[in-house]
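**Student:** The structure under discussion is supplied below as C-alpha cells; questions concerning it will follow.
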Amino acid sequence: MIEQDTIRLLRECDAGVKMGIDSIESVMEYVNADDLRQILIRGCQEHKKLQDEIEILLGQYKDEGKDPNPVARGMSWMKTNVKLIMKESDATIADLMTDGCDMGVKSLSRYLNQYKAADGRSKDIAERLIKLESQMAEDMRRYL
C-alpha cells in the first residue's frame, strides 16, 4: 500500500509540476513588468527543480510519471489565450496565474489527503509544491 500510494502521489505531483511549468511559459512573452517576469522565472525554476526530484523518485520505482490531463491542459491553453487576446496586461497574467496556483493547491492537497500511506519523501515534495504554488499566488496579488 505504501509503495502504491507513493507512486500515485508522485504521479500527481509530476502532472501538477508539468502543468505549472507549461502555464508559466505560456504567459512569459506577454509580461510587461520586470519584477513580475522575475517572479515567474523564479517560479518556473523552482517547479523545474521539483520536477527533477520527482523524476528521480519515479525512476526508482520504474515509473514514467504522468502528464497533465489533456482536457485540463487544453482548457488552460484556451482560457489563457482568450483572456490575453481580450486584454493583454500584467493584471490578466496575474489573474490567470492565481487561478492556476489555486487549482494546483486544491488538487495537490486532495491527493496528499487521498494517498495517506505515501512515504515521507513524496509527501514532502507534495507539500513543497503546495507551498510554492501558494507563494506564487500570493506574489501575484499585487498585480491584480
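**Student:** Along the charge dipole of the stretch 1-119, which of V17, N32, T80 sits closest to the positive end, that is, farthest toward it, with unit charges on the beta carbon of Lys, Arg, Asp and Glu (+1, +1, -1, -1)?
**Tutor:** T80
**Student:** Here is a follow-up. Grab the other residues whose beta carbon is less than 12 angstrom from that of E29, score K and R as +1, D and E as -1, and report the net.
**Tutor:** Net of charged neighbours comes to -1.
**Student:** Using only the heavy atoms of the protein chains and a 1.4 Å probe, how would I2, I130, I125 rank by accessible area, largest first? If you can, show how the numbers build up before the last one.
**Tutor:** Values: I2 105, I130 25, I125 5 Å².
Heavy-atom accessible area, descending, gives I2, I130, I125.
**Student:** Give the Cα extents of the stretch 80-126 along the principal axes, in whole Å, largest first.
**Tutor:** Result, largest extent first: 45, 15, 12 Å.
**Student:** Do the alpha carbons of any pairs in K79/K116; K66/K87; K79/K123; K83/K123; K87/K123; K62/K123 sit beyond 28 Å of each other, and which pairs? Could you put the intermediate results ahead of the total?
**Tutor:** On the way: K79/K116 33 Å; K66/K87 33 Å; K79/K123 31 Å; K83/K123 34 Å; K87/K123 39 Å; K62/K123 19 Å.
Listed pairs above 28 Å: K79/K116; K66/K87; K79/K123; K83/K123; K87/K123.
**Student:** In addition: Can you check what the net charge comes to around K131, using other residues whose Cβ is under 12 Å from the Cβ of K131 (Lys, Arg +1; Asp, Glu -1)?
**Tutor:** Once positives and negatives cancel, what remains is -4.
**Student:** Here's something else I'd like to know. Could you pull out the longest piece of the chain with no exposed loop GluC sites (Glu not before Pro) in it, calling a site exposed if DSSP puts it outside H, G, I, E, B and it has at most 16 other Cβ atoms within 10 Å?
**Tutor:** Values: sites that count: E64, E88.
Of all site-free stretches, the longest is 1-63.
**Student:** Let me know the Kirkwood hydrodynamic radius for the chain, please, with Cα pairs as the basis and the value in Å to one decimal.
**Tutor:** Value: 15.4 Å, from the Cα pair sum.
**Student:** Another question about this same structure. Taking trypsin sites (Lys or Arg not before Pro) that fall in a DSSP loop and have at most 11 other Cβ atoms within 10 Å as cut points, what is the longest piece of the chain between them? Show your work: numbers first, answer last.
**Tutor:** Working: sites that count: K62, K87, K116.
Between exposed loop sites, the widest span is 1-61.
**Student:** Placing +1 at every Lys and Arg Cβ and -1 at every Asp and Glu Cβ, with all other atoms neutral, what dipole size does the stretch 15-144 have around its Cα centre, in debye to the nearest 20?
**Tutor:** Dipole size: approximately 380 debye.
**Student:** Could you pull out the chymotrypsin sites (Phe, Trp or Tyr not before Pro) across the stretch 37-126 that fall in loop regions by DSSP (anything but H, G, I, E, B) with no more than 16 other Cβ atoms inside 10 Å?
**Tutor:** Those that pass, being in a loop and sparsely packed, are Y61.
**Student:** What number results when the radius of gyration of the stretch 101-144, computed over Cα atoms, is divided by 2.2 N^0.38 Å? Spell out each step's value before the answer.
**Tutor:** Values: Rg = 11.8 Å, N = 44, 2.2 N^0.38 = 9.3 Å.
Expressed relative to 2.2 N^0.38 Å, the Cα Rg reads 1.27.
**Student:** Still on this structure: For the chain, what does the accessible surface come to per residue with a 1.4 Å probe? Please give it in Å².
**Tutor:** With the other protein chains kept in place, the chain gives 57 Å² per residue.
**Student:** Something else: How many angstrom lie between the Cα centre of the stretch 86-102 and the Cα centre of the stretch 1-79?
**Tutor:** 18 Å
**Student:** I need the fraction of alpha carbon pairs in the stretch 1-70 separated by more than 17 Å, rounded to a whole percent.
**Tutor:** Value for the stretch 1-70 (Cα pairs over 17 Å): 47 percent.
**Student:** So, in nm, how far is label S134 from label Q38 when the simple model puts each one 7 Å beyond its Cα toward the Cβ?
**Tutor:** Spacing of the two 7 Å Cα→Cβ label points: 2.5 nm.
The values are calculated or read from the model by the stated rules, or taken from the named source; none is laboratory data. Remember, predicted model here, so these are calculated numbers, not experimental data. Don't worry about glycine lacking a Cβ; one is built from the backbone with ideal geometry, like all the others, and counts go over all protein chains shown. Heavy atoms of the whole protein, side chains included, go into the accessibility calculation; ligands, DNA and RNA do not. Shrake-Rupley method; radii C 1.70, N 1.55, O 1.52, S 1.80 Å.
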